[in-house]
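The values are calculated or read from the model by the stated rules, or taken from the named source; none is laboratory data. The structure presented is a predicted model; accordingly, all values stated were derived computationally and were not measured. Glycine gets a Cβ as well: all are built from the backbone with ideal geometry, and neighbour counts include every protein chain shown.
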Amino acid sequence: MTISQVPAIAYGGPETSPDDPSPESHKLAESGVLIEFIADISDQPLLPADPVKRAKARFFIETITPKISSAHYGALYRGEDPVAILEAVELLQKLLPAEGYAVGEWSIADAAITPFLARANVALKNDIGKYEAGKGKAAWEILTQDAKYERFRKYFADVTSRASFQETFYPVFIYFAHPFVSNGFLFLSCRM
């Protein structure tokens, strides 16, 4: 079985180089599947013990991920108005408790959504996308200044201040990895 999706992992089988996984290993892909799999095999509690909170964590993922990813990728690659990201954030805020993470304590719900939010943040702040120049920065200003988004800002600060996020997210790479910056300017020099 060949997997051409990212992210992907090879699990089990004899130890080999990551570039050449063992044919005896199990190849798994898709970020949502991998988060659930890691929660299943981890010694760390990635899902709440309470079955209702576990269901709420999964509901959060299933509700927010398609909204935020569609809005982000629509703005980035299809030139759609990035204000749709604000609409997705409004839905996210409605699902968040008054304090804490998506279901109170940090869980797979937060792990699943944080990368989308962080990439959207980099894109908006730097006006990266096929939309009209200035619209990303305008949406970012609203998101960072309007009192309406205070709960989101607190949540985003909480999830992005975690050591696991700080050690694995590189905004400079996200910025330079895009085939265009500042709305269509093709960036051809070095990538970091």
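So, in segment 104-161, exactly how many residues are touching a residue at least 24 places away in the same chain (Cβ under 8 Å), closer than 30 Å to Pro51 by Cα and either hydrophobic (A, V, I, L, M, F, W, C) or not in a helix (DSSP H, G or I) (or both)?
Residues that pass the stated criteria total 15.
With the requirement that a residue be surrounded by fewer than 20 Cβ atoms within 10 Å (Cβ to Cβ) and under 24 Å from Ala39 (Cβ atoms), what does segment 55-95 give you?
Residues satisfying the conditions are Ala55, Lys56, Arg58, Phe59, Glu62, Thr63, Thr65, Pro66, Lys67, Ser69, Leu91, Leu95.
Which members of segment 87-103 meet the condition of being assigned to a loop (DSSP other than H, G, I, E, B) and either under 13 Å from the mean Cα position of the chain (by Cα) or closer than 18 Å to Ala163 by Cβ (or both)?
Step one: of segment 87-103, the residues assigned to a loop (DSSP other than H, G, I, E, B) are 96-100, 102.
Passing the criteria: only Gly100.
For (1) at pLDDT 95 or above; (2) outside the structural domain of Leu92 (by TED's automatic domain parsing); (3) surrounded by fewer than 23 Cβ atoms within 10 Å (Cβ to Cβ), each residue gets a yes or a no:
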| site | (1), (2), (3) |
| --- | --- |
| Gly104 | no, no, yes |
| Pro115 | no, no, yes |
| Ala118 | no, no, yes |
| Asn121 | no, no, yes |
| Lys125 | no, no, yes |
| Gly129 | no, no, no |
| Glu132 | no, no, yes |
| Glu141 | yes, no, yes |
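When Leu47 is evaluated against the numbered criteria (1) assigned to a loop (DSSP other than H, G, I, E, B); (2) among the aliphatic types (A, V, I, L, M); (3) touching a Gly at 6+ places or on another chain (Cβ under 9 Å), which criterion, by number, is the only one it fails?
(3)
Tell me whether segment 164-186 contains one or more residues that are under 30 Å from Arg58 (Cβ atoms), part of a helix (DSSP H, G or I), modelled with pLDDT of 95 or more and of a type outside the set (Val, Ile, Thr).
No, the conditions are met nowhere in segment 164-186.
Assigned by TED's automatic domain parsing to the domain that holds Glu62 and either free of Cβ contacts under 8 Å to residues at least 12 places away in the same chain or in contact with a Cys (Cβ under 6 Å, 6 or more places away or on another chain) (or both): does that describe Lys94?
Details: assigned by TED's automatic domain parsing to the domain that holds Glu62: yes; either free of Cβ contacts under 8 Å to residues at least 12 places away in the same chain or in contact with a Cys (Cβ under 6 Å, 6 or more places away or on another chain) (or both): yes.
So Lys94 fits the description; yes.
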